[in-house]
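Participant: Okay, handing you the structure first.
The values are calculated or read from the model by the stated rules, or taken from the named source; none is laboratory data. Given the structure is predicted, the values throughout are model-derived calculations rather than measurements. When we count neighbours, we look across all protein chains shown, and the Cβ atoms used for this are built from the backbone with ideal geometry, even at glycine. For the accessible areas, the whole protein counts, side chains as well, though only heavy atoms, and no ligand, DNA or RNA atoms are used. Shrake-Rupley method; radii C 1.70, N 1.55, O 1.52, S 1.80 Å.
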Amino acid sequence: MRKIIIDTDTGSDDAVAILMAMFSEEIEVCAITTVSGNCHLEQATKNCLQTLEIANTYYPPVYKGSHKPLFRDLFTAKGVHGEDGMGDQSLIHPTIKHHDGHAVDKILELIKKYPYEIEIITLGPLTNIAKAILLDKDTMSQVKQIYSMGTSGLGPGNCTPVSEFNVYVDAESYKVLLESGIPMTIIGFDICLGDSALQRKEIDLLMESENKTAHFAIQCNQRLYQYNLENTGQEFIDLPDPIAMGVLLWPEIVEKELKTHAKVMTNQDETYGQVIFYGDKRLVLANQYQSLDKNVSLVTKINHALFKTKLINILKNSQKNST
Ligand code: BDR
Ligand code: CA
């Protein structure tokens, strides 16, 4: 059985990704570690615990991690996911508690226990992962694979014109990860829009089902739905973290991947958090970049219909939770 650690700044789309993992029979979630991002660490941790209670399958330990980025002040996404990160729907009243111990120490402990077996999926800023690498690079080099929802891929940013939220919050941490040599699959924001997002009819399908998990998944994304409507005039819920989880759980949804060199901008200017992907053969004049090592695999195309079918099935058929 694959052994997974989920590192998350649990906001509304992280919650859906966590539900997918908790219902998957192919993986074992060994721990969930939390980080400040969408909302502050304390709230992200509560949101994560509530999500586990909604799933009500098994209860991996939840460890709190970094409350702020490595060097910068925290920048949150409350305008997108709500004050509580979960759409401000009064959904968050967890009765279970997080475990003692710091996320960074627990990540390292698990990798030492299962060398070359642990796969990590990061759904928020990379602060915990960077700290673990800075503390014990040898141990972190024994991570089997990191799946990371971050960067704007080959498209524009969602936080600044060039930066995606998870990288923008803590680009210095992202740099530590990119330079670590850990095998890394990146799921960028560019593949999460358009047909990959849940459309009105799919939202209705989940709300009409007799299943409290499916309801929770849509309700917690109400603020995101409103945000998209106000800003684009269209009704949809984009799900970047669930797509990253989908790539981990269902490799068959990946249609194209680009092995490439990725570099993040950390200068404190307009490019802060921009990730440049080199070596996809478009740079014919500046071909000195072709020789850079290929440090990441960037997912550039998914089968969105297959992804959404699987997502809807896993949420609707979580029988234990039928209302
Ligand atoms: C990422 O930022 C957050 O808003 C989401 O949870 C996702 O991890 C998308 O840019
Ligand atoms: Ca997230």
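Participant: Which members of the stretch 78-107 meet the condition of being of a type outside the set (V, I, T) and open to solvent by less than 10 Å² (accessible area, probe 1.4 Å)?
Facilitator: Kept after step one, since they are of a type outside the set (V, I, T), are these residues of the stretch 78-107: 78-79, 81-91, 93-94, 97-103, 105-106.
Passing the criteria: G82, G85, M86, G87, A103.
Participant: Further question: Can you spot a residue in the stretch 16-36 that is part of a strand (DSSP E or B), of a type in the set (D, E, K, R), within 21 Å of N317 (Cβ to Cβ) and away from ligand 2 (no atom under 16 Å from the Cβ)? Show your work before the answer.
Facilitator: Taking the stretch 16-36 as the starting set, the residues that turn out to be part of a strand (DSSP E or B) are 27-34.
Checking the rest, the ones that are also of a type in the set (D, E, K, R) come to 28.
After this cut, where a residue has to be within 21 Å of N317 (Cβ to Cβ) as well, the list is 28.
Add one more test, that the residue is away from ligand 2 (no atom under 16 Å from the Cβ), and what stays is 28.
There is at least one residue in the stretch 16-36 that is part of a strand (DSSP E or B), of a type in the set (D, E, K, R), within 21 Å of N317 (Cβ to Cβ) and away from ligand 2 (no atom under 16 Å from the Cβ).
Participant: Return the residue satisfying two criteria in turn: it lies in the stretch 19-45 and is without any contact (Cβ under 8 Å) to a residue 60 or more places away in the chain and crowded, with 24+ Cβ neighbours inside 10 Å, and of such residues it is nearest to ligand 1 (Cβ to nearest atom).
Facilitator: C39
Participant: Separate question: Collect the residues in the stretch 37-59 that are assigned to a helix (DSSP H, G or I), within 11 Å of ligand 2 (Cβ to nearest atom) and polar (S, T, N, Q), keeping them in residue-number order.
Facilitator: Scanning the stretch 37-59 gives a single hit, N47.
Participant: Looking at the stretch 254-281 only, could you name the residues that are aliphatic (A, V, I, L, M) and open to solvent by less than 30 Å² (accessible area, probe 1.4 Å)? It would help to see each step written out before you state the result.
Facilitator: Narrowing the stretch 254-281 to residues aliphatic (A, V, I, L, M): 254, 258, 262, 264-265, 275-276.
Within the stretch 254-281, A262, V264, V275 meet the criteria.
Participant: Quick check on my filter: what residues within the stretch 226-253 are surrounded by fewer than 20 Cβ atoms within 10 Å (Cβ to Cβ) and either free of Cβ contacts under 8 Å to residues at least 24 places away in the same chain or over 23 Å from I54 (Cα atoms) (or both)?
Facilitator: Result: Q226, Y227, N228, L229, E230, N231, T232, G233, Q234, E235, P251, E252.
Participant: On to the next question. Within the stretch 140-156, how many residues turn out to be more than 15 Å from ligand 2 (Cβ to nearest atom) and open to solvent by 20 Å² or more (accessible area, probe 1.4 Å)?
Facilitator: 7
Participant: Is one or more of the residues making up the stretch 176-189 closer than 29 Å to Q142 by Cα, among the polar types (S, T, N, Q) and more than 14 Å from the chain's Cα centre (by Cα)?
Facilitator: Yes, the stretch 176-189 has at least one match.
Participant: Would you mind stating whether E119 is charged (D, E, K, R), within 15 Å of ligand 2 (Cβ to nearest atom), in contact (Cβ under 8 Å) with a residue 24 or more places away in the chain and open to solvent by less than 20 Å² (accessible area, probe 1.4 Å)?
Facilitator: Working: charged (D, E, K, R): yes; within 15 Å of ligand 2 (Cβ to nearest atom): no; in contact (Cβ under 8 Å) with a residue 24 or more places away in the chain: yes; open to solvent by less than 20 Å² (accessible area, probe 1.4 Å): yes.
So E119 fails the test.
Participant: Which residues, counting only those in the stretch 229-251, are within 12 Å of ligand 1 (Cβ to nearest atom) and part of a helix (DSSP H, G or I)?
Facilitator: Of the residues in the stretch 229-251, the ones within 12 Å of ligand 1 (Cβ to nearest atom) are 237-245.
Residues satisfying the conditions are P240, D241, P242, I243, A244, M245.
Participant: Considering only residues that are more than 15 Å from ligand 1 (Cβ to nearest atom) and open to solvent by less than 10 Å² (accessible area, probe 1.4 Å), which ones fall in the stretch 1-18?
Facilitator: Within the stretch 1-18, I4, I5 meet the criteria.
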